[in-house]
1. Considering only residues that are within 22 Å of the chain's Cα centre (by Cα) and hydroxyl-bearing (Ser, Thr, Tyr), look in the stretch 27-85 and name the one that is surrounded by the most Cβ atoms within 10 Å (Cβ to Cβ).
2. Output the residues belonging to the stretch 129-146 that are within 17 Å of GLY106 (Cβ to Cβ), in a loop (DSSP other than H, G, I, E, B) and out of contact with any strand residue (DSSP E or B) (no Cβ under 7 Å at 6 or more places or on another chain).
3. Return the total of residues in the stretch 108-128 being crowded, with 17+ Cβ neighbours inside 10 Å and in a loop (DSSP other than H, G, I, E, B).
4. Just the residues that are among the aromatic types (Phe, Trp, Tyr) and in contact with a strand residue (DSSP E or B) (Cβ under 9 Å, 6 or more places away or on another chain), please, taken from the stretch 83-128.
5. Answer yes if at least one residue in the stretch 141-151 is buried (at least 16 other Cβ atoms within 10 Å of the Cβ) and within 21 Å of ALA15 (Cβ to Cβ), and no otherwise.
6. Could you tell me whether any residue of the stretch 77-85 is on the phi < 0 side of the Ramachandran plot and assigned to a loop (DSSP other than H, G, I, E, B)?
7. Tell me which residues, restricted to the stretch 46-76, are assigned to a loop (DSSP other than H, G, I, E, B) and within 21 Å of THR25 (Cβ to Cβ).
Amino acid sequence: MIRKNTVCLWYEKNALDAAKFYAQTFPDSSVGAVHHAPGDYPDGKQGDELLVEFTVAGIPCVGLNGGPHFKHNESFSFQIATENQEETDRLWNAIVGNGGEESECGWCRDRWGISWQITPRMLLEAFTDPDRVAAKRMFDAMMTMKKLDIATLEKARRG
């Protein structure tokens, strides 16, 4: 389906593998059509998987198997709001445990180089807390973490 606006993610060659992983990992995610190259191109041949349509947590995406020319970085990330520690742990562990890597403050990167923010909803809500001192305590606690720990964040917010 051709949409007015779709996130296009560049992959070296494994867009379908990434799409399948996302569909298995994140709710409201699926793999759609796979389009094959109609002709040869710099990093592939006619008939190769070129474009993969997929949805990640309700966001329509297309994966382009474009070769090794461009690498992902943290300037683009998916931010997934989690409801509890169990969901936070499940998503974080799925990404990191599948060849990904940890980063700081709830960020991690999957094995294809896409960055993810696995962020408890309560932390996002705390950023708008009118008690700016409590919000700063929670923010400071977050800055010391890799995977976010809700109990520790709540304790920091309470002081």
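1. So, considering only residues that are within 22 Å of the chain's Cα centre (by Cα) and hydroxyl-bearing (Ser, Thr, Tyr), the one surrounded by the most Cβ atoms within 10 Å (Cβ to Cβ) is THR82.
2. Hits for the stretch 129-146 are MET143, THR144, MET145.
3. Number of matching residues: 4.
4. Answer for the stretch 83-128, where residues must be among the aromatic types (Phe, Trp, Tyr) and in contact with a strand residue (DSSP E or B) (Cβ under 9 Å, 6 or more places away or on another chain): TRP92, TRP107, TRP112, TRP116.
5. Checked the stretch 141-151: no residue is buried (at least 16 other Cβ atoms within 10 Å of the Cβ) and within 21 Å of ALA15 (Cβ to Cβ).
6. Checking the stretch 77-85: at least one residue is on the phi < 0 side of the Ramachandran plot and assigned to a loop (DSSP other than H, G, I, E, B).
7. Result: ALA57, GLY58, HIS72, GLU74, PHE76.
Read-outs: derived from the displayed coordinates by stated rules, not from any lab. For clarity, every value in this text was computed on a predicted model and none was experimentally measured. No Cβ is skipped: glycine too gets one built from the backbone with ideal geometry, and neighbour counts run over all protein chains shown.
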